[in-house]
1. Name the single residue, out of those in region 214-253 being part of a helix (DSSP H, G or I) and either at pLDDT below 80 or out of contact with any helix residue (DSSP H, G or I) (no Cβ under 9 Å at 6 or more places or on another chain) (or both), that is surrounded by the most Cβ atoms within 10 Å (Cβ to Cβ).
2. Residue check: is Arg99 modelled with pLDDT under 85 and either on the phi < 0 side of the Ramachandran plot or surrounded by 10 or more Cβ atoms within 10 Å (Cβ to Cβ) (or both)?
3. Would you say Phe229 is more than 18 Å from Ala181 (Cα to Cα), of a type in the set (A, V, I, L, M, F, W, C) and within 51 Å of the chain's Cα centre (by Cα)?
4. Note down all Cβ pairs under 8 Å where the first residue falls in region 201-219 and is under 12 Å from Val178 (Cβ atoms) and touching a residue at least 12 places away in the same chain (Cβ under 8 Å), the second is of a type in the set (S, T, N, Q) and assigned to a helix (DSSP H, G or I), and they're at least six residues apart or on different chains.
5. Looking at region 169-203 only, could you name the residues that are assigned to a loop (DSSP other than H, G, I, E, B) and either within 17 Å of Leu223 (Cα to Cα) or polar (S, T, N, Q) (or both)?
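The values are calculated or read from the model by the stated rules, or taken from the named source; none is laboratory data. Since we're looking at a predicted model, the values are computed, not measured. We place every Cβ from the backbone using ideal geometry, glycine too, and count neighbours over all the protein chains shown.
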Amino acid sequence: MTPSFNGPIQLLLQLINGHEVDVLDIPLAPVIEGFVQVLHDESQPMNVEDLSEFLLIAAILLELKSTALLPSAKGTDEDEEFIGWEERDVFLARLLELRTYAGAADAFVNLLDRASKSFPRLAGLDKGFVVTPPDLLAGVTPVLLGAAFIKGIEEKPVPRVTLNHVTVDAVTVAETVVILAQRLPSLGRISFRHLVSGISERIEIIVHFLALLELCKLGRVELGQGVTFGDLDIEWIGDDSLLEIGRVDVYEG
C-alpha cells in the first residue's frame, strides 16, 4: 500500500496506535488511491459497512497526521486521540437501547388507554341454559333431494326481453300543434284537464302539453294557473291563420 507499510488499513491503524509505525512515515495519498481503485473494480463489490469503516479509519489517520504536522503549544500523545472512543460506542449503544424501551413503553401506554375505554361483559348465561343448534336436515327426505337435483340440472329457459311496455309515439308534437290550432279558437277558455279528458294514453297527454308550450311560445295561446297545483287554463289569443304555425320547426318531443 505504501513504501513503509503493506497490508489492511485496520492493521495500519493498530500499528500507529501501538507506536510501531510513525504516522508521519505513512503517506495517505497511496491509501486513498488504492481505495478509489477498489471502488472502480466491479469484480470486488463493497458493502456499506466496509465503506463506512474505511471512511472512519481514514478520518482518524487524517486527524492524527494533521495533529502531528501542525505546531502545538503542548505535545499530544497519539493514545489520547483514542480516549473516549470505546466509551462513546457504549454510550451510543445504551442510547439506542433506551430509545427502544421508550418506544415499547409508548406502545403499552396506547394499549392501556384504549383498553380503559372498554368495559367487559360481566353477566354470563343463566345456569342450566343450553344452546341447541337447529337441525339443518330436519324435514329433508330423499324425494326432496332428488327433486332439488333435477331442478338444478334441468335446462334453464333463455331470458327474453319483451317490448310490450314500450309506447310507440302515434302522434308528434308538430302534428298536435296544428290540431290544437284548429280546435282551440272555437273552444274559448278551457282547462287542460278538460282538453285531454278523452285521452287515455299518457304519452299523448305529454305531447298535448308540449304542443301547448309551443303555441304559447308563438304567442297563439295564453296559459294561466290560479293556484299552485291547480288546473291549467288555456285561452286562444291568436288569429286563425295556420301558415306561420306550419312554417315553425318544432321539435319532435
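1. Ile245
2. Spelling it out, it is not the case that Arg99 is modelled with pLDDT under 85 and either on the phi < 0 side of the Ramachandran plot or surrounded by 10 or more Cβ atoms within 10 Å (Cβ to Cβ) (or both).
3. yes
4. The qualifying pairs are Ala211/Thr176.
5. Residues satisfying the conditions are Thr172, Gly188, Arg189, Val196, Ser197, Ser200.
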